[in-house]
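Derivation of every value follows stated rules applied to the coordinates shown; laboratory data play no part. Remember, it's a predicted structure, so these values are computed and weren't measured experimentally. In this analysis, Cβ positions are derived from the backbone assuming ideal geometry, glycine residues included, and neighbour counts consider all displayed protein chains.
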Amino acid sequence: TYQRIFHYFQPKFMLGMTATPERTDDLNIFEQFDYNVAYEIRLQKALESEILCPFHYFGVSDYIQDGISVDDNSQLRYLTSEERVKYILDRTDYYGYSGDTLKGLIFVSRKNEAVELAEKLTNHGIATVALTGSDSQQRRNEVIQQLKDGDINYIITVDLFNEGIDIPEINQVVMLRGTQSSIIFVQQLGRGLRKSANKDYVTVIDFIGNYKNNYLIPIALSGDHSHNKDNYRKFLTDNAPLKGVSTINFEEVAKKKVFESIQSATLNEMKMIVEAYQNVKNRIGSIPTLMDFIEQNSIDPAVLLSKFANYEEFLEKKVHKQKRITEDASKNLTFMSKELVQGLKSSDYMTIELLVEQDESFDSLVQKLQEKDSGISEADVRTSLRVLDQSFLKAGLDKQYGPPIINIRQNGKYIGLSEQFKNNLENDVFRTHFEDLMQLSHYKHLNDYHNSNRLVLYHKYSRKDFLRIMNWEKDESSTVYGYKQKYQTLPIFITYHKKEDISETTAYEDEFLNQDELKWFTRSNRSLKSPEVKNVIHHQALNTPIYIFVKKEDADGKNFYYLGNAHYMKDSAQDAKMPEGKNVVTMHLAMETPVRDDVYRYLVEK
């Protein structure tokens, strides 16, 4: 119907406004406006600007019956049981509402559930009416007016009021269903965000069951569509990004269910990547670059690159259906996508950019890089060159990465791009990808690493990342294991919650005694007399800093939170025995910076 109007009029200027630019009906609304987005405001900004009514969100655990959480898959008799109804009333009464009279909207997943719940709530003295798609528009209008007038307290519906309904008086929104879409979640939340004289805020109560899609909750509340699991974990422990007077709170059991959903979710599924690609393409009207995904608040390019060797491979398979660059060129892109694009050190990508302009000597390269970034050391440049000529990397990667993209001759007097790489840059498709990857590297270094070439507190790193930052000669990450002392560095990597089936010989019970102190276990078959243990105890005298890295569990992947430096606490080392009887040494390490509250809670809580 809208398109009939668009096609009928031929104005010199047309302004369009919508609350639902991302849609579930596959309509590309951006195309209707020739991809011109004059202004865009998201939920977060609208709340900060006081355009919307503040909300207080409470994620609560749904009713548990006979040890099993009730959810959408439960039989109707459980969903509408007297016990669950009493539980719902208890929670909704506890979290309350703003204003004199309760005027709420409840979303459920089934029509018969809506009807039965409405009847039972009414029997408990809470006047409630169910509205479904089978009700006429006149009937809907009558019931809405009853809610506005205070004649009833709740309307229960099944997706009927996701959008297009305006009831400013709503002061409580109750979600008694799983989240199927972050778009729909925000639409349902939005039913209570209209400002009204009868309320100061709206209370949102989300009954969280054992749903696979619970990971959509932090996506919807944060507005972060990066599909980056770390972002969502951080949001759950520290939702500071939600500014203004709105608040987000989870009961511990409910939070655990969301964490578990994030953990088990596959956020780089092909369907999700293709959908994100199409959404960005719809927005800008052309094939997006990786930077476009960031600029359009879409998936983190790292998620896409975790599924494909490089972005061109994705485009070849899913868009163009043909090869546009040579196999060697594709391998060059893979190397940059896997080793450089995270923006770990500015010397990595800046070196390539300088060599694109002209060949350099080592001395001139160092001088020019330090002029661009005073934080770059000569050791950083040497490490970057070892990465670029692949001598830092493990043997055999050339099958995936192709030959090195730079040549170093006469002991560093001549450093330049390889002839193959120069030839690849002549190809427009390759050049576009190259420039995109360089821009993305700049962006990541500035935003993820705060423009620093050193370790950033609370950022996540792999063992290999640490070795590159600390300028080790080669990638020895496969032999670092829990810790390794070399080049006057001592990194300690801890998986806080071990798998239950882990070998008793490696079941170290490393634990934080508090935010300042860590109890740490050495490898088995060690004693106080072991040279390795003595080196740890005397690390300060040996001028060897200890770096602490911790991840919650193996499911978090290969990256660990950097929690800062620590030092050995005098006289704390003791000989001990592992469960199977092997010797081990335990000692206490003092954190030089107390672990930040939200990170500490996330790591320690089971």
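A P(r) calculated from all alpha carbon pairs of the range 322-448, with 5 Å bins opening at zero, reads 2, 11, 22, 25, 22, 13, 5, 1, 0 percent. Lysine pair count for the range 154-277 with Cα-Cα distance under 17 Å and sequence separation of 8 or more or different chains is 12. If R0 is taken as 25 Å, the Cβ-Cβ distance between R42 and M14 corresponds to a FRET efficiency of 0.60. Counting only DSSP beta bridges with both residues in the chain, tell me the antiparallel percent, nearest 5. Counting only bridges with both partners in the chain, antiparallel ones make up about 50 percent.
Per residue, the Cα convex hull of the range 184-284 amounts to 130 Å³.
Taken about its Cα centre, the chain carries a charge dipole of roughly 860 debye when the Cβ of each Lys and Arg holds +1 and the Cβ of each Asp and Glu holds -1. Note on Y458/Y2: beta-carbon distance plugged into 1/(1 + (r/R0)^6) with R0 of 56 Å gives a FRET efficiency of 0.75.
Using the Cβ-Cβ distance between Q322 and L542 with R0 = 45 Å, the FRET efficiency computed as 1/(1 + (r/R0)^6) comes to roughly 0.15. Ranking I152, A276, L43 by how far each Cα lies toward the positive end of the dipole of the chain (charges on Cβ) leaves A276 at the top. Which shape class applies to the range 508-606: rounded if a/c is under 1.5, otherwise prolate when a/b exceeds b/c and oblate if not, where a ≥ b ≥ c are the square roots of the Cα gyration tensor eigenvalues? Cα axes put the range 508-606 in the oblate bin.
Normalised by 2.2 N^0.38 Å, where N counts its residues, the alpha-carbon radius of gyration of the range 1-63 equals 1.60. Extending 7 Å from Cα along the Cβ direction at V356 and again at K271 yields two label points whose distance is 3.8 nm. Residue separation of D597 and D34 scaled by 0.36 nm, minus their Cα-Cα distance, works out to 197.9 nm of gained length. Sorting 171-182, 511-522, 573-584, 447-458 by average packing, meaning the other beta carbons within 10 Å per residue, from highest down gives 171-182, 511-522, 447-458, 573-584.
Using only side-chain charges placed at the Cβ, +1 for Lys and Arg and -1 for Asp and Glu, the dipole size of the range 282-324 relative to its Cα centre rounds to 280 debye. For the pair R110 and K519, label points projected 7 Å from Cα toward Cβ lie 4.9 nm apart. Projected onto planes of every orientation and averaged, the convex hull of the alpha-carbon atoms in the chain covers 34.3 nm². Hydrophobic long helices, here whole DSSP H runs in the chain with Kyte-Doolittle means of at least -1.0 and Cα atoms spread over 27 Å or more along the helix axis, are found at 428-448. At 37 °C and 0.692 mPa s, grab the translational diffusion coefficient of the range 51-264 from Stokes-Einstein with a Kirkwood Rh over Cα pairs, rounded to a whole number in µm² per second. Translational diffusion coefficient: 189 µm²/s.
Per-residue ellipticity at 222 nm, computed for the chain from helices alone with -39500 (n - 2.57) per DSSP H run of at least four residues, works out to -11000 deg cm²/dmol. Annotation: extensible slack from K86 through N423 equals 114.1 nm (criterion: 0.36 nm per residue apart, minus Cα-Cα distance). Please compute, over every Cα-Cα pair in the range 75-178, the percentage with a separation greater than 20 angstrom. Value for the range 75-178: 32 percent of Cα pairs lie more than 20 Å apart. Of the GluC sites (Glu not before Pro) found in the range 29-132, the ones in coil according to DSSP and having at most 13 other Cβ atoms within 10 Å of their Cβ are E40, E50.
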